[in-house]
Structures are given as C-alpha cells and as structure tokens.
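Notes for the one structure printed next.
The values are calculated or read from the model by the stated rules, or taken from the named source; none is laboratory data. Bear in mind the structure is a predicted one, so any value in this text is a computation, not a measurement. So basically every Cβ, Gly included, is an ideal-geometry build from the backbone, and we count neighbours across all protein chains shown.
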Amino acid sequence: MLLFFFVAICGINIYNWWKLRVAFLQGSPWGSFFLLIAFLALALMPAWLRVLFRSRGHVPDWLEQLAWIWLAWAFWLTAVFLALELWNLVTLSIWNFRAGLSDVALADLRSFALSPKATVAVAVAAVCLATVWGIVEAQCITLKHLTVTTDKLPPGTDDFRILLLADLHVGPALNQRQLRRVISLAADAKPDLILSAGDLLDGKASRERNFAQQLAEMTAPHGKIACVGNHDVYTGIDASRELHDLAGFTLLEDTGVWATDWLWIAGPVDPHYYNYYNFYHHPQAVSKQPPPEVLLPNLSDNAPANPFAILLKHRPEPENQAAFDLQLSGHTHGGQIFPFNILVHWHHSWKSGRLHQLPAGTLFYISRGTGVWGPPFRLFAPPEMTVITLKRP
C-alpha cells in the first residue's frame, strides 16, 4: 500500500512536470532535468524528511507542513490539467468532425482550445484560488445542530445537549486561532456533555501539550469523554492518555462509562491500537481486542433497565447495531479537500454530515470533523462541531 502511494505521488508529479516542460522548457534539456529532480524531491519529501531528521525524533513542523501542502498542490494541478485535457479533447474532436458547422463557427470553436502555456496558467490560477479558499474554509468552524427524539430521557429532563468534536488533530496544522474558536463555540453551545470521536491528537506529544491545556477550558456539567482514534495511537498510548487527561477528557479504551444515571457511552479503540501499540511498545505482551460484550451497558442495581446508549467509535463502521441507540463517528473528514471528498463518499456507504438510520433502528452520524490532517486546507468539506440535542417525543 505504501509503495503504491509513493508510485502514485511520483506519477502525479512527473505528469505535472511534463505539462510545465511542454509549455516552457522544450528547448532547455538541463532546465527540464533540474525541474524534474525538484518535482521528485518534493514528491518524496515525507520520506526523506523522516530519514534526515530521525536523530531529532521528529520533523520540524514547517517542513512537515510544506510536504503536505505540496501534496495537495500536486493533486490539484493534476486534476485541473486533466480537466483541461478533456476540454481540449472535446473542443478539437468537434472541430475534427465538423460536419454541419460553418467555417466561421469552426474557427471560433478551435480558438477555445487552450495552448500549453494557457493550460499551465489556468491550472496555477485554479490552485491559487483553491489554496485561498481552502485556508479560509478550514478556519470557518461552525456549530451544526441535530435533534434526536427519544423516550429514554428521565422524568423532568426535557432535553440534553451533547457537543461532538471529531478529528481535531491538535498538531502543526491546527493554529491558535482555530483552537480558540473551538473553545469559544463550545462555550456558546452550552452542552451538558462533550464527546470526542477520536483523533483529538496528531502524533507528536511534545507540541500538543500547550493546546491540550487550553482544551481543558471547555467544560460541561457531565464531563468530557473521548474514544481512541488512529492518530491518538500514533501519539503513543501512554502520551495520549496523559494528554487527554490534561485536556479534561476521560479516554475510553474498549470500555464504557455512565455519563449520567440514564446515559451510557461506550468507546471501542481504533484497530491500530492493538497492532501499533503492541508491535512498537510492548511486543512481549501482544493482546487481542476484547469481545464486543464489554461495550454493552453495565446494568448494575442502580442502572435503568433500558438506558440511552451511545457508541462513540472513530471509524464510521456500524457495530452492535441492536445494542445502541446512537453511533457517533468521524475519521473521514468528509474528504477534507476536493477531489478526495468525492472518493470518500464513493468508498463509504454512509455519507458524512448526515444522520442515518441503520437497519436495526440505531441512528448513525458521521462528523465531517473539526480540524484538518496533512495540508491545512478544507475544500468543499466544511469543518463542524455538532450539537446533538436529545429530546422527548
């Protein structure tokens, strides 16, 4: 999979290089050569940066961000180039099969085909526009409101507000302005309970401590609960536990808790938890994922016989449908940037940003996510914090 990824990235960059060469460097073999080396170096930047900075423990944030930004630019350039190739193909095909068109119409039609230089100019302009749009959209975190009707609220409780975060990715791509907006929106939402559907962190514990301390400013009467996402695992399980605690979150690791005396929250861990954690940290004690029964409500003497149960699971894969009233997930970011949002919607049966009803009756919501991962952009996948209000019928 990793090999395929790097081959694809190199192929995309070579294609972009070829379009630039045809437009500007056909008479300059050395210029073409050095431009190709530069494109390949940028394509492989995530790999050689890790090798170069291995002794330091991590890559400087600005270099890591540059690598991800270039990756987004490369994909966008390729997408625009291919769209313009199709435009030229259609235009010139009509010109070649010009039956029924006058000479004047044909001349006008052929003029719409773009030259190599014009193609590059349009592509670069489109990428610049997408970059500005993507930066602005990533900053525009908003509250999204959903209502879930249930007869499981206890007498005297007319509604109960849950604030859902997902994929905040506290790390180099999350700036101080975004973090303060998250905290401000959390205060505006006035939630009874705050949940994180995984990936609160983004892989480097040392740089996340300050942001985690600020997240502790978010409060709710019934506390804050989080499940384990794959990036929480990459941070290191022990460090992830510490940072979640610093941020004021109870981290669920294949277990559940009573948020109130009628509300059960269960949190399975991400599959990477066992693979990554055991292999890199405790290879001598390989553990296995426990049976799904451990996530079911712990019906003690004081617990209601029919509680409202929420499955807080990072990946949007329905599980134990009959046992839960509501599943909350994240992970996909809604695709985060075009055209990946199209691919994500095609790959996953359940669309993000919508409340679905599963065959067993469980409601299922996939958040588009609050932060970003990789490039600091969102394009046609706006970030959200979701306010889910439980109401009586």
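All of (1) more than 17 Å from LEU295 (Cβ to Cβ); (2) crowded, with 16+ Cβ neighbours inside 10 Å; (3) not polar (S, T, N, Q) hold for GLY198 with one exception: (1). Checking LEU66, LEU3, LEU44, LEU49 one by one, the residue that is without any contact (Cβ under 8 Å) to a residue 40 or more places away in the chain, closer than 27 Å to PRO172 by Cα, in contact with an Asp or Glu (Cβ under 8 Å, 6 or more places away or on another chain) and hydrophobic (A, V, I, L, M, F, W, C) is LEU49 and no other. If you scan segment 346-370, which residues turn out to be in contact with a helix residue (DSSP H, G or I) (Cβ under 7 Å, 6 or more places away or on another chain) and under 20 Å from LYS144 (Cα atoms)? Within segment 346-370, LYS351, SER352, GLY353, ARG368, GLY369, THR370 qualify.
Here is a list of conditions, (1) of a type outside the set (D, E, K, R); (2) within 30 Å of PHE308 (Cβ to Cβ); (3) at pLDDT 90 or above, and PRO155 meets all of them except one; can you say which number that is? PRO155 satisfies all of (1) of a type outside the set (D, E, K, R); (2) within 30 Å of PHE308 (Cβ to Cβ); (3) at pLDDT 90 or above except (3). Checking each residue in segment 306-318 for being buried (at least 17 other Cβ atoms within 10 Å of the Cβ) and part of a loop (DSSP other than H, G, I, E, B) picks out PRO307, LYS313, HIS314, ARG315, PRO316, PRO318.
Residues that are in the same structural domain as VAL122 (by TED's automatic domain parsing), out of contact with any helix residue (DSSP H, G or I) (no Cβ under 9 Å at 6 or more places or on another chain) and of a type in the set (Gly, Ala, Ser) number at least 1 in the following helices (runs of 4 or more DSSP H) confined to segment 1-86: 2-24. Any residue at all in segment 330-349 that's assigned to a strand (DSSP E or B) and in contact (Cβ under 8 Å) with a residue 60 or more places away in the chain? Scanning segment 330-349 turns up no residue that is assigned to a strand (DSSP E or B) and in contact (Cβ under 8 Å) with a residue 60 or more places away in the chain. Among the residues of segment 235-267, those that are among the polar types (S, T, N, Q) and in a loop (DSSP other than H, G, I, E, B) comprise THR235, THR260. Among the residues of segment 91-101, is there at least one that is assigned to a helix (DSSP H, G or I), surrounded by fewer than 17 Cβ atoms within 10 Å (Cβ to Cβ) and modelled with pLDDT of 75 or more? Within segment 91-101 (the criterion being assigned to a helix (DSSP H, G or I), surrounded by fewer than 17 Cβ atoms within 10 Å (Cβ to Cβ) and modelled with pLDDT of 75 or more), the answer is yes, since at least one residue qualifies.
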